[in-house]
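Structure first, then comments.
The values are calculated or read from the model by the stated rules, or taken from the named source; none is laboratory data. Because the structure is a prediction, the values reported are computed rather than measured. Glycine also receives a Cβ, built like all others from the backbone with ideal geometry; neighbour counts cover every protein chain displayed.
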Amino acid sequence: MTKGLPDPPSRATTAHSSFGNCECSHPSLFAVREGVDFEDALVHLSTLLKGAFATNLKAMELATGTCHDLLLGNDHGLDAAKAVVEALLDGVEMQQVEKARLRTV
């Protein structure tokens, strides 16, 4: 028997990755599960970055001097990481909209 249509392209998924080992003093406590759709993982990452961004912002309000400067540098890094994640999510959404548009043409 032959197939009439090819399989749709597979979507990228996460690989297993452990974290939270407290400087190697014990085995990792947490892990990213294997097989999570990349878009779902990016949405979760975006949420984590928003929380880190808010925490850093509050710490900046309380800090002075060199500590404030270090937190400001951290703030820029978090902002850049969040922008990359949001750009990836926007790109995925644009591709999905374009595919849907092409199917209706």
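Points worth noting:
- Flag for Ala63 being modelled with pLDDT of 95 or more and of a type in the set (Gly, Ala, Ser): yes
- Number of the exception - Asn56 against (1) surrounded by fewer than 10 Cβ atoms within 10 Å (Cβ to Cβ); (2) under 22 Å from the mean Cα position of the chain (by Cα); (3) part of a helix (DSSP H, G or I): (1)
- Exactly one residue out of Ser25, Ser46 is among the polar types (S, T, N, Q) and loosely packed, with under 10 Cβ neighbours inside 10 Å, and it is Ser25.
For (1) of a type in the set (D, E, K, R); (2) in contact with a helix residue (DSSP H, G or I) (Cβ under 7 Å, 6 or more places away or on another chain); (3) closer than 24 Å to Ser17 by Cα, each residue gets a yes or a no:
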{"residue": "Leu72", "(1), (2), (3)": "no, yes, no"}
{"residue": "Val84", "(1), (2), (3)": "no, no, yes"}
{"residue": "Gly91", "(1), (2), (3)": "no, no, no"}
{"residue": "Glu98", "(1), (2), (3)": "yes, no, no"}
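- Checking each residue in segment 14-51 for being part of a loop (DSSP other than H, G, I, E, B) and β-branched (Val, Ile, Thr) picks out Thr14, Val36.
- Pairs with Cβ under 9 Å, 6+ apart, first in segment 49-73 and touching a residue at least 24 places away in the same chain (Cβ under 8 Å) and under 24 Å from Glu86 (Cα atoms), second part of a helix (DSSP H, G or I) and β-branched (Val, Ile, Thr): Leu49/Val85
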